[in-house]
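Quick notes on the structure that follows.
The values are calculated or read from the model by the stated rules, or taken from the named source; none is laboratory data. This one's a predicted model, so the numbers in the text were calculated from it and none came from an experiment. Here the Cβ is made from the backbone with ideal geometry for all residues, glycine too, and neighbour counts use every protein chain on show. Quick note on the areas: whole protein, heavy atoms, side chains included, nothing else; ligands and nucleic acids left out. Shrake-Rupley method; radii C 1.70, N 1.55, O 1.52, S 1.80 Å.
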Amino acid sequence: MRITMIGSGYVGLVSGACFADFGHDVTCVDLNEQTISALKNGQIPIFEPGLEALVSENAKAGRLTFTTDLAPAVANAEVVFIGVGTPSRRGDGHADLSYVYAAAADIARAVTGFTVVVTKSTVPVGTGDEVERIIRETNPAADVVVVSNPEFLREGAAIEDFKKPDRIVIGLEDERARDVMSDVYRPLYLNQAPLMFTGRRTAELIKYAGNAFLAMKITFINEMADLCERTGANFQDVARGIGLDGRIGSKFLNAGPGYGGSCFPTDTLVLVKTGQDYDAPLRLVEATVEVNDRRKRAMGQKVIAAMGGNVRGKTIGILGLTFKPNTDDMRDAPSIAAVQALQDAGAKISAFDPEGIEMAKQVINNVDDADDAYGVADGADGLVLVTEWSAFRGLDLKRLHAAMNGNTFVDLGNVYRQKEAEAAGLSYTSIGRAIGADQTVGTIAAE
Ligand code: NAD
């Protein structure tokens, strides 16, 4: 099939490359000339494991091309996906749909023949109706069906998620479009990925309901971890103890500094706003947003407390800045609020992140970057592990301590155990594990 992807960011590029890998003929379009010229030269503007090879193989095979010229790419396509950004709108937190609507108008002007227009961007319920209205108004002769096909990939595991999804949700009310979408995803459902057809509004809402539920689950275990810390219980055992109940499930029960990234913070806010607009308030999601926001900044206070209550003039080393490992994405990363709180309290910050330091410098000021974890430890009064990259999972704690000026180690990823940290001479703080609490169990299934 001839597929055109509007927007070649995280979702557009990964989806486009994977569709090409299925054998479709894919053109990725982006307004950003730098992005397109980099892609044409085989450079990938984002860090995502496996993506560079996938893009280069499919580009070489002639199935994947890149352009800034939307009109011919749309005119030639049987299916046009909209994968542009939908950030939170300043002020009211609702989704900024201006990129989606601009893409819809551009598509309407360029379209020829029967074309299925698919919204892959995460959009509030009812957006498909507006996309359809814009297309009809801009080009009344257009033979177009608008479909919703939300994307569930996770950064850091995006290709695997796209190629082996738990489900594919397709929202439509048109039989011709159903046949086209079945062809688009045929390579996947031959592999047994459940293809779920729903109404368009239902599909739009499934995406938000899923992300809000996951954000709530994370926030629940974070609050439970705080309670464990104050009561002398070990949250990892609590998480395992509840996660083994099949109705709860063990995934997403790792406590940490709060959720971040491009999706959960935005999607929860948008869902809250949608609930208010439709007079169906979502109080659990409202509480999730509030608790998570407070938590991110509270992590700075946790570090200050671990360092005796005063960090003025102290140097604090940060291990990991991105919102989670295996991405260079800094959007709404918990490290931002934590570093800000430490800087406000007068600390100097040095940091190392395996992939995210350049992105981090765009959102965090006055951070000295080091070459690795030991470089961050060099002369530091305290060390904070924020993002649990694999590179931080087997550190030589004695060597870290020897490089440091002080001995405080705050492990927000719960990667280490108190006993081993103390044996290396470090004063250790983690999340949800009170000092002296039993810390022998810690094997919950990975996300
Ligand atoms: P992104 O910011 O990485 O990429 C968006 C791209 O669209 C940018 O490169 C931008 O230049 C381009 N663009 C904007 N308007 C355009 C237009 N009119 N024509 C051509 N290009 C245009 O965003 P992203 O992270 O890929 O997210 C895209 C959507 O997918 C969002 O709605 C997001 O919520 C959703 N989503 C993201 C993820 C994720 O993990 N990043 C996962 C699932 C869903």
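This table checks each residue for (1) free of Cβ contacts under 8 Å to residues at least 60 places away in the same chain; (2) of a type in the set (Val, Ile, Thr); (3) more than 16 Å from the ligand (Cβ to nearest atom); (4) open to solvent by less than 70 Å² (accessible area, probe 1.4 Å).
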position: Leu190; (1), (2), (3), (4): yes, no, yes, no
position: Gly199; (1), (2), (3), (4): yes, no, yes, yes
position: Tyr208; (1), (2), (3), (4): no, no, no, yes
position: Ala212; (1), (2), (3), (4): no, no, no, yes
position: Thr219; (1), (2), (3), (4): no, yes, yes, yes
position: Gln236; (1), (2), (3), (4): no, no, yes, yes
position: Gly243; (1), (2), (3), (4): no, no, yes, yes
position: Thr266; (1), (2), (3), (4): no, yes, no, yes
position: Pro281; (1), (2), (3), (4): yes, no, yes, no
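Mind checking which strands (runs of 3 or more DSSP E) fall wholly inside segment 344-386 and carry at least 2 residues that are surrounded by fewer than 21 Cβ atoms within 10 Å (Cβ to Cβ) and under 27 Å from the mean Cα position of the chain (by Cα)?
Because the criterion is at least 2 residues that are surrounded by fewer than 21 Cβ atoms within 10 Å (Cβ to Cβ) and under 27 Å from the mean Cα position of the chain (by Cα), the strands (runs of 3 or more DSSP E) in segment 344-386 that meet it are 367-369.
Of everything in segment 233-283, what is among the aromatic types (Phe, Trp, Tyr) and touching an Asp or Glu at 6+ places or on another chain (Cβ under 9 Å)? Give them in sequence order.
Matches in segment 233-283: Phe235, Phe252, Tyr259, Phe264.
If you check Arg312 against the conditions, is it assigned to a helix (DSSP H, G or I), closer than 30 Å to Val367 by Cβ and basic (Lys, Arg)?
Here the answer is no, as Arg312 does not meet what is asked.
Among the numbered criteria (1) open to solvent by 10 Å² or more (accessible area, probe 1.4 Å); (2) in contact with a strand residue (DSSP E or B) (Cβ under 8 Å, 6 or more places away or on another chain); (3) closer than 19 Å to Asp161 by Cα, which one does Asp25 miss?
(3)
Only one residue in Pro124, Pro140 is within 16 Å of the ligand (Cβ to nearest atom) and of a type outside the set (Lys, Arg). Which one?
Pro124
May I ask you to list the residues in segment 124-170 that are closer than 21 Å to Ser88 by Cα and either in contact with an Asp or Glu (Cβ under 6 Å, 6 or more places away or on another chain) or assigned to a strand (DSSP E or B) (or both)?
Val125, Ser148, Leu153, Arg154, Glu155
Can you name every residue in segment 273-291 that is more than 19 Å from the chain's Cα centre (by Cα), closer than 15 Å to His94 by Cα and assigned to a helix (DSSP H, G or I)?
Result: Lys273, Thr274, Gly275, Gln276, Asp277, Glu286.
When you go through Pro140, Pro124 one by one, which is the residue that is touching a strand residue (DSSP E or B) at 6+ places or on another chain (Cβ under 8 Å) and over 25 Å from Asp183 (Cβ atoms)?
Result of the check over Pro140, Pro124: Pro124.
With the structure loaded, tell me whether Ala102 is within 14 Å of the ligand (Cβ to nearest atom), assigned to a helix (DSSP H, G or I) and in contact (Cβ under 8 Å) with a residue 24 or more places away in the chain or whether it fails that test.
In short, no.
Filter segment 300-322 for residues that are surrounded by fewer than 18 Cβ atoms within 10 Å (Cβ to Cβ) and among the polar types (S, T, N, Q); which is nearest to Trp389 (Cα to Cα)?
Gln301
Looking at Gly85, Gly91, which is the one that is open to solvent by 20 Å² or more (accessible area, probe 1.4 Å), touching a residue at least 60 places away in the same chain (Cβ under 8 Å), among the small types (Gly, Ala, Ser) and under 23 Å from Thr266 (Cβ atoms)?
Answer to the check: Gly85.
Table: residues versus (1) crowded, with 20+ Cβ neighbours inside 10 Å; (2) near the ligand (Cβ under 10 Å from one of its atoms); (3) more than 19 Å from Val146 (Cβ to Cβ).
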{"position": "Val11", "(1), (2), (3)": "yes, yes, no"}
{"position": "Asn41", "(1), (2), (3)": "no, no, yes"}
{"position": "Ile46", "(1), (2), (3)": "no, yes, yes"}
{"position": "Ala61", "(1), (2), (3)": "no, no, yes"}
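For segment 157-175, how many residues meet the condition of being open to solvent by 20 Å² or more (accessible area, probe 1.4 Å), in contact (Cβ under 8 Å) with a residue 24 or more places away in the chain and within 13 Å of the chain's Cα centre (by Cα)?
1
Mind counting the residues in segment 65-99 that are under 18 Å from the mean Cα position of the chain (by Cα) and aliphatic (A, V, I, L, M)?
Total meeting the criteria: 2.
Here are Asp353, Asp381: which of them is more than 24 Å from Gly260 (Cα to Cα) and among the acidic types (Asp, Glu)?
Of Asp353, Asp381, the one residue that is more than 24 Å from Gly260 (Cα to Cα) and among the acidic types (Asp, Glu) is Asp381.
Just give me the residues in segment 21-33 being farther than 14 Å from Ala73 by Cβ and either more than 6 Å from the ligand (Cβ to nearest atom) or touching a Cys at 6+ places or on another chain (Cβ under 9 Å) (or both), in sequence order.
Asp21, Phe22, Gly23, Glu33, listed by residue number.
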